[in-house]
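Novice: Just passing along the structure, written as structure tokens.
The values are calculated or read from the model by the stated rules, or taken from the named source; none is laboratory data. These numbers were taken from a predicted model, which means no experiment stands behind them. Note that we place each Cβ from the backbone using ideal geometry, even for glycine, and neighbour counts take in every protein chain shown. SASA here: full protein model, heavy atoms, side chains in, ligands and nucleic acids out. Shrake-Rupley method; radii C 1.70, N 1.55, O 1.52, S 1.80 Å.
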Amino acid sequence: MLDPTQFAAHPDPVRTPTLATFGSAVGERYGDAVAIRSARPCRWPELTYARLAELTEELACGLVALGVAPGDRVAVLAETRPEWTVCALAIAAAGAVCVPVYPTNSPEECEWVLSDSGTTVLICENVAQAAKVGQLPELRDVILMDVEPPGRGLPSLDDLLAWGRGVNPAELERRAAALPANDPYTIVYTSGTTGNPKGCRLTHAGWNATADGLKGLIPVGVGEVVYLYLPLAHLLAQAIQLQVFALGGVLHYFGGDIRQVVEELAEIRPHFLPSVPRMFEKVHARVTALLADAPAEDRAAFGRALELGREVRGAMERGEPVPDGTRLAFEEADERWLSMVRGVFGGRVKAALTGAAPIAPEILEFFHVCGITLYEGYGMTETTAVISLNAQGRRRFGTVGRPIPGVEVRIATDGEVVVRGANLFAGYHHNEAATAEVLVDGWLHTGDLGEFDEDGYLRITGRKKDLIIPASGKNISPANLENDLRRSRWIAGAVVHGDRRPHLVALLTLDAEEIVPWATARGLPTDVAELATHPDVTALLQTEVDRVNARHTRPEQIRRFAVLPRDFTPEHGELTPSLKIRRAVVNKNHADLFASLYA
């Protein structure tokens, strides 16, 4: 029986004064242990720590040969893949500043980030990504990760490696020794829900403060596999990456197709899984759907297995003895039923991390009972990724945990979460006014609303600017309702509306992977746009809305809804690159539809 409370012993994580020497330090510590594997075709499908350190040095020397000076900005525009990681480590080793760019960004968004940051060198995944960027005043060079087709003229990483052979590595040592810890190692542009993204200047010292706060909280041992599909342009993925390397784990990159993530998990069999809530919600919905179609005796048996799991795992966590009969019954039920849920993730996941959006406590409990403990956390780019975290021995469902060591959190008089600590960012690049708005007397104003429980666990209750105040006068956080709606296997996206209106309404989008097979089995159209207005689908979704309404008071209930013929997308401006809802854009794009719901 898998016991998720028992983790491998962790070495003291690697720490360096700055990230300039981090690549060489992990290479020296872990040597021939595997650092990187990739499920997608790439230049380096597997790297040991020793080879990772060598490549970091060779590429850093190439950047020096290209004329990159300490403090210069070097951007990376690519999907999550090994080359992204090696290039980022090399940029730090050269004393430069990495500027991540989302590969889903439009040409206009890419040019804004590169221009505002003053990027001098851009490392692109391929020609298609490079084509997004025009002539910019400070951009001198564009390097491709992939080898370019003949005749186009852009150099590749092979050229960068070749140029580096003429540089003495002692230059890297000189730069590292002179690099102040309070200098930025990256400028990450937050995918704001309004206006142009702002560049967060994150320092080497700030990363070390976050890393020290995470010590002992990320359950990864030497050689253990961590599956990474999150975009490396997002700071959460970068933080996971650095902490995995500090602990000697294996970072296994996804194959490049987000639709194949669940299938890849069964093959790669990770020990630790960082993800956004949507994946866990989809797996939970899929298991629920399978049970609904199963014979009554199987549903009853699975329900008994869950009850035994709650009893036994709860006792184990509290350190209480479990009677032999109960333990034996649980082991049999676990092997027969609950192990199937673990099997979806490959069968070896000891723990998983979820963040970036709320997740229902019932889903956290379900996976915990099945032997996969989800640790929910909370953070911002401005706090170098982490503010608080649930972890082994300090977890409470429905909260985002306690603040990590070194971080202070308090609740302002208006309910806003404010934060202070050594991991705070050094301000927005070229935007002192925006910096002054959020950093007041050393405290970061997060814009989130929250509260502490009696034991110091933080609960996020909403966003200040997202609060809806309908005619009833009750302050309503739409995120809670939207989260409940997205738990449905049929619903991909949800936006609740109702500020200064008589009641709440919602726009829903369909999950094509689930609704199309459902429609096919019933002889209905299989085009999602047609299904959006089909009365059978409307009736199906009404049952889901009724389920959500039953959990909330009358003023918080959704009276009417409409179904869009497509999902919310970054291309329509309705989602940020990190897939957060741009509520103002949704309200503008669908103003007529919202108005019709009040007719």
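Novice: Based only on Cα atoms, what Rg/Rh ratio does the stretch 474-599 have, Rh being taken as Kirkwood's radius?
Specialist: For the stretch 474-599, the value is 0.95.
Novice: Could you give me D for the stretch 556-599, from Stokes-Einstein at 20 °C and 1.002 mPa s, where the hydrodynamic radius is the Kirkwood radius over C-alpha pairs? Units µm² s⁻¹, please.
Specialist: It comes out at roughly 187 µm²/s.
Novice: Further question: Seen from all sides and averaged, what is the projected area of the convex hull of the Cα atoms in the stretch 285-434, in nm²?
Specialist: That works out to 12.7 nm², a quarter of the Cα hull's surface.
Novice: Something else now. Mind listing P(r) for the stretch 363-474? All alpha-carbon pairs, 10 Å bins, whole percents.
Specialist: In order of increasing distance, the bins hold 13, 40, 30, 15, 2 percent.
Novice: Further question on the same structure: Using a 1.4 angstrom probe on the protein heavy atoms only, could you order M380, M279, M340 from most to least accessible area?
Specialist: M340, M380, M279
Novice: Among K282/K474; K282/K350; K132/K464; K464/K580, which pairs are too far apart, with a Cα-Cα distance over 25 Å?
Specialist: As for pairs spanning more than 25 Å Cα to Cα, those are K282/K474; K132/K464.
Novice: Follow-up. Please state the relative contact order of the chain as a whole percent: Cα pairs under 8 Å, 6+ residues apart?
Specialist: Reported as a whole number, the value is 12 percent.
Novice: Hey, any idea what % of the stretch 331-468's accessible area is carbon plus sulfur with a 1.4 Å probe?
Specialist: With neighbouring chains kept in place, the figure for the stretch 331-468 is 49 percent.
Novice: If I take every Cα pair under 8 Å that is 6 or more residues apart in the stretch 69-206, average their sequence separation and divide by the length, what percent do I get for the relative contact order?
Specialist: Relative contact order, the stretch 69-206: 23 percent.
Novice: What's the percent breakdown of Cα-Cα distances in the stretch 32-103 across 10 Å bins, shortest bin first?
Specialist: Values per bin, smallest distances first: 21, 48, 28, 2.
Novice: Where in the stretch 205-235 does the label zone of D12 land, with the point 7 angstrom along Cα→C-beta and an amide N cut-off under 17 Å?
Specialist: 208-209, 211-217, 222
Novice: Net charge near H552, counting Lys/Arg +1 and Asp/Glu -1 over other residues with Cβ under 14 Å of its Cβ?
Specialist: +1
Novice: Let me ask another. Under the rule a/c < 1.5 gives rounded, and otherwise a/b versus b/c splits prolate from oblate, where does the stretch 218-257 land using the Cα gyration tensor?
Specialist: Verdict is oblate for the stretch 218-257.
Novice: Ratio to report: Rg/Rh of the stretch 309-380, with Cα atoms as the point set and Rh obtained by the Kirkwood method; give two decimals.
Specialist: Reported Rg/Rh, Kirkwood definition of Rh: 1.02.
Novice: Taking only C-alpha pairs under 8 Å that are 6+ residues apart, what is the relative contact order of the stretch 189-267 in percent?
Specialist: Relative CO of the stretch 189-267 lands at 24 percent.
Novice: Would you please report the Å³ per residue occupied by the convex hull of the alpha carbon atoms in the chain?
Specialist: 165
Novice: Name the long-range amide H neighbours of R140: under 5 Å, sequence gap of 5 or more, or other chain; modelled H, no Pro or chain starts.
Specialist: Amide H neighbours of R140, under 5 Å, 5+ apart: V121.
Novice: Send over the semi-axes of the stretch 271-313's equivalent ellipsoid, whole angstrom and largest first, taken as the square roots of 5 times the C-alpha gyration tensor eigenvalues.
Specialist: 23, 17, 7
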